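The values are calculated or read from the model by the stated rules, or taken from the named source; none is laboratory data. These numbers were taken from a predicted model, which means no experiment stands behind them. Cβ placement follows ideal geometry from the backbone for every residue including glycine, while neighbour counts extend to all protein chains displayed. These area figures cover heavy atoms from the full protein model, side chains too; ligands, DNA and RNA do not enter into them. Shrake-Rupley method; radii C 1.70, N 1.55, O 1.52, S 1.80 Å.
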Amino acid sequence: MTNTASPWTRLLAYILEFLIYTPITLILIILTRDLVLSLALILFIGLIQVIFTGYLVSRFGGSLGKLLSGISIVTSNSNKLSFRMAIFRNYIGYMASSLLFWLGFIWIFVDKQRRGWHDQISDTYVVVTRKSGWLLGLVSLVALIILNIWLVYLTLAIFHRLGILSQYGWQ
Amino acid sequence: MANIGYSSIIKRSWHLTWKNKWLWVYGLILTIFGGSGGGGGGNFPNFSGSTPKEDLPEKTSQVLGAATNWLSQVPVSTWVFLGIGIFLLVIVGVAVSLIIQNWAKGALIAGLQDADNAKPVTLATTSPRGLIAFKHLIILGLITIGIVLAVLLATSLLVAVGYFLLSFSKVIQTVWLGVVGATAVIAFIIFAILTAMVTIYAERLIVLQNFSPWAAWKKGFSLGHHNFLPTAVMGIINMAIGCSVGCTGALASLLILGIPTLILLLPVINNGSQAFTAPIIIGLIILFLLFIHVQLLVRAALTVFNFSNWNLLFKQLYD
């Protein structure tokens, strides 16, 4: 397979993914103003996120982070994954890659085809679909970092003002 | 009875395990998620709970009191919502665990057969075989659990009914409980061992011969029943090798990693707990994680070795 995505672009996509879902969690905490209720909502959001990511990968070829970075996941026949295969790759495949100090992910850096263990298990490749996609990814990264810092500050400020932090023993 | 070459099986299994390290990934998954079956020794220890102290210090009781107040302020609906979320998470966790375990099992069994036939073995070539087989392997697991529960229930009912029917005589009741109860326990243990053997053969029948789950269970029962002794011997060999290699590996790791641990702890031993600085704590955590991962790797290789032994025994008995 030609045109495989570089490990650094994939890492960028992964970080973007994390920074996209963190504000959702923080906004939930701000809206509910209750840590226990927020925890319950986070559990449901987590489950929905599993299904949503599977849908994105099977319909558009990648999760939000990958789509922003201009890369996508394809099978060895250059087709999109089925929904079930997308769930399998992104969850069970990721579990396998996380073993032994995330060796399966580090494998992306040493493999000639730039495939991690989760790629090999699901017979997929991550390819570049937009040549300068990494630029948009970088810009999105900066914007999301700023957004996340602001939201964390806002969350702590609101909780401090409402005295919720002292309720849980925080000063 | 078939003439089994145990030493040739062991030599061949060792060779296949060492030459096909990609299969250790499946061994690792089975070690962590369960299903490594047949590996002896090195079980994780059970930590029994300690008895709570009767007199709590004042500060602890203050914290517990504050926590209780906080807990009572959270509305019931929130707890219900959280409970539903946790319940769903547990269901998903169990489902994922079952899928990953049986997928890895199927892929490992198929991968070992390919390795024995000198075919290339990678994650990409073996994973699809696991994906084809995992549903049937899950159903096989459910069939086995169902049969074991049914036998357990029938045995318990037999003992209980007899006990109540013989209530006219305490002596006969005690004799019934003692003799029949003990016989039932022994019979159940033999049945459990036989069931384990059936599962080993049935899994290979599903993955390697495309049997359906129920047909595999029946044929597996026949194979286990007619080859009880060779199968038991192989099980004992697996356990013995597992114990010795596992324990030796653990001791060697403790010795090798114990020296740097001791070096890190020297300041603490000499100067007391205030010498517990962040670098020492980080160093200890890294050494601990290294120890755990080395043990996991050893157990992964042993799992592959065990599975290979069963594969080769199955090949000799079924072919």
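You can think of it this way: the chain between residue B:172 and residue B:86 has 25.9 nm of extra reach, that is 0.36 nm per residue less the Cα-Cα gap.
For the pair residue B:256 and residue B:15, a Förster radius of 30 Å applied to the C-beta separation gives a FRET efficiency near 0.70, rounded to the nearest 0.05. Chain A packed on chain B takes about 2600 Å² of accessible surface away from a 1.4 Å probe, both sides summed.
In chain A, the longest principal axis of the Cα atoms and the axis of helix A:7-32 are about 30 degrees apart. Using alpha-carbon pairs under 8 Å, 6+ residues apart, how would you state the relative contact order of the stretch B:112-238 in percent? 26 percent.
Only helices reaching 30 angstrom along their own axis (Cα) with mean Kyte-Doolittle hydropathy no lower than -0.5 count here, and for the DSSP H runs of chain B these are B:76-116, B:123-165, B:181-209, B:228-271, B:278-318.
With the helix formula -39500 (n - 2.57) applied to DSSP H stretches of n ≥ 4, chain B reaches a computed 222 nm mean residue ellipticity of -29000 deg cm²/dmol. Under 18 Å from the 7 Å Cα→Cβ point of residue B:119, by amide nitrogen: which residues of the stretch A:121-143? Flagged as within label range: A:121-123.
The angle between the Cα long axis of helix A:133-161 and the main principal axis of chain A comes to about 20°, on a 0 to 90 degree scale.
Using just the alpha carbons, could you tell me how many Å³ per residue the convex hull of the protein assembly as shown encloses? Present the calculation step by step, with values, prior to reporting the outcome.
Details: hull volume 118.3 nm³, N = 490.
Taking the convex hull of the Cα positions in the protein assembly as shown, it is 241 Å³ per residue.
So, counting K/R as plus one and D/E as minus one, what does the shell of residues with Cβ under 15 Å around residue B:224 add up to? Value of the local net charge: +2. I need the calculated FRET efficiency for the pair residue A:33 and residue A:146, taking r as the beta carbon distance and R₀ as 30 Å, to the nearest 0.05. Result of the calculation: an efficiency of 0.80. Over chain A, Cα pairs under 8 Å with separation of 6+ residues give a relative contact order of 31 percent.
Taking 0.36 nm per residue of separation and subtracting the Cα-Cα distance, full extension of the segment from residue B:244 to residue B:287 would add 13.1 nm. What do you get for the angle between helix A:99-110 and the principal long axis of chain A? Use alpha-carbon atoms, 0 to 90 degrees, nearest ten. That helix lies at roughly 50 degrees to the long axis. Summary value for chain B: 34 percent relative contact order, contacts being C-alpha pairs under 8 angstrom separated by 6+ residues.
By the rule of a C-alpha distance below 18 Å, with chain neighbours fewer than 8 residues away ignored, the lysines paired with residue B:219 are B:315.
Our Cα-only numbers for chain B put the radius of gyration and Dmax at 25.6, 73 Å.
With charges set only on the Cβ (+1 for Lys and Arg, -1 for Asp and Glu), what does the dipole of the stretch A:25-161 come to about its Cα centre, in debye to the nearest 20? Numbers along the way, then the final one.
Working: 12 positive and 4 negative charges, 63 e Å.
The calculated dipole for the stretch A:25-161 is roughly 300 debye.
Peptides B:97-104, B:137-144: what's the order by average Cβ count within 10 Å, highest mean first?
On the way: B:97-104: 22.8, B:137-144: 18.9.
In decreasing order of mean packing, B:97-104, B:137-144 become B:97-104, B:137-144.
If R0 is 51 Å, what FRET efficiency do you get for residue B:159 and residue A:22 from their C-beta distance, rounded to 0.05? Don't jump to the answer; show the numbers that get you there.
Numbers: r = 58 Å, r/R0 = 1.14.
The calculated FRET efficiency here is 0.30.
In chain A, helical runs assigned H by DSSP with n ≥ 4 each contribute -39500 (n - 2.57); averaged across all residues and rounded to the nearest 500, the mean residue ellipticity at 222 nm is -22000 deg cm²/dmol. Taking a point 7 angstrom from the Cα of residue A:162 along the C-beta vector, which residues in the stretch A:28-47 have backbone N less than 13 Å away? Output list for this probe position: A:28-39. Take the stretch A:1-135, drop everything but the C-alpha atoms, weight them equally and run the Debye formula without solvent; then report log10 I(q)/I(0) at 0.14 Å⁻¹ to two decimals. Once normalised to I(0) and log-transformed, intensities are -0.65.
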